[in-house]
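Heads up: the structure comes next, in structure tokens.
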Amino acid sequence: MNILFAANGYVDRGIPKDGFPIYLYRVSHALKSMGHTPVIVYCSDRDSFRVEDGIKIYGIKSNVIRFDRAWINAFFASVCRSYYLNKRLYKLVKSENIDLIQFTSLNAISLLYHGRTPAVMRLSSYTKKANPTFDTMDRHTIFMASLLELLAGRKCNAVFAPSNVTAEAFQKDFGKRTYVIETPFLRDVQTYDDSFYEDNLKGKKYVLFFGRMYYVKGITVIAEILEKFLDKHLDYNFVFVGDALPINGKSAVDIIKKGAGRHRDRAIVMKSLGHEKLYPIIENSEFVVLPSIIDNFPNTCIEAMSLSKIVIGTRGASFEQLIEDQKSGFLCKIGDSGELLCKMEAAVNMSTYEKNEMGSRARERIMRLDPEVTVKKLVKFYEAVIQKHQS
């Protein structure tokens with residue numbers, strides 16, 4: 001089967017570090033290993049073509065008109081990217097003999113799709129659900145982006161999401177069934193580079209947060225209890241790894257440092273790292289804290305659990321799809337810093353045997369995301385869509 005992945009963006013070279021590009025990398029490589037032919041087409045600032053690991057990757061120059069108002073920008077970002085991308089898709093579908101197109105929901109890029117090739121849309125997020133408190137995006141922009149995502153879904157034969165939380169929220173507004181197909185996990189690096197860990201963290205005992213640092217990922221929730229935790233556990237550090245974004249006009253790093261109070265030197269903030277340098281940092285952490293306000297089957301949780309680490313996530317933000325509370329990790333209430341602290345104390349007080357047992361169960365859960373399981377389900381989904389389209 002020849003599958004074209006249409007994306008609002010992708011890396012210009014090499015292995016992605018986070019988010020949707022990681023999904024695209026993993027699923028395309030998994031499909032290729034199973035004998036299928038994936039093709040990636042993404043919006044870019046220039047036209048390009050390359051082949052990586054036998055996978056054709058096209059960059060499509062997409063000029064985006066920009067305005068002062070955020071909600072107008074959201075509209076034109078989607079319309080412009082969708083226009084340029086779909087203009088090229090018609091030719092690529094024929095030249096690459098494509099059987100099915102998979103669009104991402106990001107930037108609603110299937111909005112202007114009118115082709116005859118069957119298409120599906122994967123919900124990388126649903127803006128309305130992903131921004132429940134309006135802290136990172138204003139109401140008008142959220143409304144516009146969500147409306148465009150719903151309209152984009154109408155242009156496809158079917159819509160699916162990796163998490164129940166996102167699927168249920170979208171389906172409620174969409175009015176049609178939104179399927180759930182979990183994301184495949186494929187270790188993208190086999191050889192680690194522990195030089196960064198050796199130079200910066202070796203010999204330190206630490207709790208870890210990694211991923212983008214902004215409100216929806218629970219940074220302010222951690223900040224509320226950071227000083228209290230570090231004050232009680234003087235042998236611990238709290239390490240943050242990722243790109244820091246503004247939170248209500250304030251720097252995420254400043255919020256973290258202020259939250260650490262007199263222990264700010266033990267709140268260690270580092271920039272985003274490639275997986276070859278990040279994985280040794282995850283492996284050597286005591287446990288991982290990811291108190292998201294909302295999430296969509298998070299890569300961070302999957303990666304940590306695959307390395308047999310204990311993860312503290314949030315109930316109702318899609319972590320419950322991965323973590324069984326107190327068995328394969330811990331779950332706490334969204335936005336509840338007090339309960340988060342209690343779960344952190346529980347993790348600190350576990351014996352080595354208990355930690356190893358919980359870590360083993362965490363890893364076993366991620367083994368169920370093996371491409372042999374999840375990608376086979378995805379292929380069956382594709383086949384059903386194609387068959388229904390033909391009939």
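Can you name the condition, by its number, that Asp254 falls short on among (1) free of Cβ contacts under 8 Å to residues at least 24 places away in the same chain; (2) within 25 Å of Gly203 (Cα to Cα)?
Of everything listed in (1) free of Cβ contacts under 8 Å to residues at least 24 places away in the same chain; (2) within 25 Å of Gly203 (Cα to Cα), Asp254 misses just condition (2).
Would you be able to tell me the number of residues in segment 305-316 that are buried (at least 24 other Cβ atoms within 10 Å of the Cβ) and either in contact (Cβ under 8 Å) with a residue 60 or more places away in the chain or in contact with a His (Cβ under 9 Å, 6 or more places away or on another chain) (or both)?
2
Listed here are the residues, each with its yes/no results for (1) modelled with pLDDT under 95; (2) within 26 Å of Ile65 (Cα to Cα).
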position: Phe5; (1), (2): no, yes
position: Gly9; (1), (2): no, yes
position: Arg13; (1), (2): yes, yes
position: Pro16; (1), (2): yes, no
position: Tyr23; (1), (2): yes, no
position: Ala30; (1), (2): yes, no
position: Gly35; (1), (2): no, no
position: Pro38; (1), (2): no, no
position: Cys43; (1), (2): no, yes
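Suppose we keep only residues that are in a helix (DSSP H, G or I) and in contact with a Lys or Arg (Cβ under 9 Å, 6 or more places away or on another chain) within segment 227-250. Which one would you say is surrounded by the fewest Cβ atoms within 10 Å (Cβ to Cβ)?
Residue satisfying both the conditions and the ranking: Asp231.
Pull out all pairs, ordered by first then second residue, where Cβ-Cβ is under 9 Å, the residues are six or more apart or on different chains, the first lies in segment 330-344 and is in contact (Cβ under 8 Å) with a residue 60 or more places away in the chain and not assigned by TED's automatic domain parsing to the domain that holds Gly316, and the second is part of a helix (DSSP H, G or I) and polar (S, T, N, Q).
Pairs found: none.
If you take the residues in segment 188-219 that are in contact (Cβ under 8 Å) with a residue 60 or more places away in the chain and on the phi > 0 side of the Ramachandran plot, which one is surrounded by the fewest Cβ atoms within 10 Å (Cβ to Cβ)?
Among residues in segment 188-219 that are in contact (Cβ under 8 Å) with a residue 60 or more places away in the chain and on the phi > 0 side of the Ramachandran plot, the one surrounded by the fewest Cβ atoms within 10 Å (Cβ to Cβ) is Gly211.
Hey, could you check segment 21-55 for residues that are touching a strand residue (DSSP E or B) at 6+ places or on another chain (Cβ under 6 Å) and aromatic (Phe, Trp, Tyr) and say which is nearest to Leu369 (Cα to Cα)?
Tyr42
Here is a yes/no grid of residues against (1) of a type outside the set (Phe, Trp, Tyr); (2) at pLDDT 95 or above; (3) out of contact with any helix residue (DSSP H, G or I) (no Cβ under 6 Å at 6 or more places or on another chain); (4) assigned to a loop (DSSP other than H, G, I, E, B):
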| position | (1), (2), (3), (4) |
| --- | --- |
| Val51 | yes, yes, yes, no |
| Asp68 | yes, no, yes, yes |
| Ile72 | yes, no, yes, no |
| Ile98 | yes, yes, yes, yes |
| Thr117 | yes, yes, no, yes |
| His140 | yes, no, no, no |
| Ser146 | yes, yes, no, no |
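Could you look through segment 38-81, keep only residues that are in contact (Cβ under 8 Å) with a residue 40 or more places away in the chain and farther than 30 Å from Phe143 by Cβ, and pick out the one that is surrounded by the fewest Cβ atoms within 10 Å (Cβ to Cβ)?
Lys56
Would you be able to say whether some residue in segment 175-192 is part of a helix (DSSP H, G or I) and within 22 Å of the chain's Cα centre (by Cα)?
No, the conditions are met nowhere in segment 175-192.
The values are calculated or read from the model by the stated rules, or taken from the named source; none is laboratory data. Because the structure is predicted, anything quoted here is derived from the model rather than measured. Here Cβ is always computed from backbone atoms with ideal geometry, including for glycine, and neighbour counts include all displayed protein chains.
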